[in-house]
Each structure stands twice: as C-alpha cells, then as structure tokens.
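The values are calculated or read from the model by the stated rules, or taken from the named source; none is laboratory data. The shown structure was predicted, so the numbers you read here are calculated from the model rather than taken from an experiment. We place every Cβ from the backbone using ideal geometry, glycine too, and count neighbours over all the protein chains shown. All accessible areas refer to the heavy atoms of the entire protein, side chains included, with ligands and DNA or RNA removed. Shrake-Rupley method; radii C 1.70, N 1.55, O 1.52, S 1.80 Å.
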Amino acid sequence: MPPKTRLDRLVNVRERSEESALEDLARAQSTRDLAARRLAGLRVRARADGRSLGSAELWVLEEFAHLRMLRQIQRAEGDLAAALRKEQSARVGYTAAHRSAEVARRAQDKKRTEITADRERRERKAQDELATQRFNTGR
C-alpha cells in the first residue's frame, strides 16, 4: 500500500474535476453530433422539390414552405456553430483539468517516492545500528 501524503486530497479533488470536465466534453460532443445530424436532415428535406402539376396557389404554398425550411436551416447552422464553440470550450476545460490533475499526480508520486526512500534509509540505519550492537556485545 502506498504511503499517505498531504497531496492525496488534492489529487482526489483534481481527478474529480478532470472527470467532470470529461463528462462536459462528452455532452458537448453529443450536442454537436445531434446538431450536425439535424442540419444534414434539414438540408436533405430542403433539396426535395414538392412542386408538381397543379395550380399556382399550390406552388406559392410550396415556395413558402421552402422558405420556412431555409430559415430552419439557418437556425440549425447557428445551433451547430454554438455547439462547436461549446465543444471547443469544453475541450479547453478538459485539457486544463487533465493537466492540473497530472501535475498533482506527479507531485504525489514524487512525495511518495521520497517517503519510501526515507523509510528505507531509516530502516537500513536501524539495522546497521542493531548489527553494530550485536557485533560489539559478541566480543
């Protein structure tokens, strides 16, 4: 079992922050994917021509429907752009949280190595003293 350090709590906090940032990034990517699929679907529907033989009034209605579809496409493009910005922001946040957690983990590992080395040094010193006492009492 690794020795406990004062950095353990800091590492836990940073790791939770990293996990939260990763979840935010995953949600942002999901939102981006949904927005991209919606936009693609709207574009496919807008390309369809529903005009057929009939009266001019039906063509006017079809034209109004097409214009409404184009406005929906513009809104969907705006939604996609917002989702991309949010994803980029989440990615930057995750990168910073990951970097921060990694720094804390490295410091914790370094401190644990120091503690272990110090314990081993003290144990060797104690064993040397014990061996010296046994040698001196054996004479």
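Please work out if residue 119 is closer than 30 Å to residue 24 by Cβ and either in contact (Cβ under 8 Å) with a residue 60 or more places away in the chain or among the small types (Gly, Ala, Ser) (or both). For residue 119, the condition - closer than 30 Å to residue 24 by Cβ and either in contact (Cβ under 8 Å) with a residue 60 or more places away in the chain or among the small types (Gly, Ala, Ser) (or both) - is not met.
Go over the candidates 24, 49 one by one and state the one that is among the acidic types (Asp, Glu) and outside any helix (DSSP H, G or I). Of 24, 49, the one residue that is among the acidic types (Asp, Glu) and outside any helix (DSSP H, G or I) is 49. The number of residues in the range 1-28 that are among the acidic types (Asp, Glu) and loosely packed, with under 13 Cβ neighbours inside 10 Å comes to 1. Just to be sure, is residue 44 within 33 Å of the chain's Cα centre (by Cα), modelled with pLDDT of 95 or more and not basic (Lys, Arg)? It is false that residue 44 is within 33 Å of the chain's Cα centre (by Cα), modelled with pLDDT of 95 or more and not basic (Lys, Arg).
Inspection of the range 120-132 identifies at least one residue that is hydroxyl-bearing (Ser, Thr, Tyr) and open to solvent by 60 Å² or more (accessible area, probe 1.4 Å).
Within the range 34-65, the set of residues being open to solvent by 60 Å² or more (accessible area, probe 1.4 Å) and under 24 Å from residue 92 (Cβ atoms) comprises just one member, 34.
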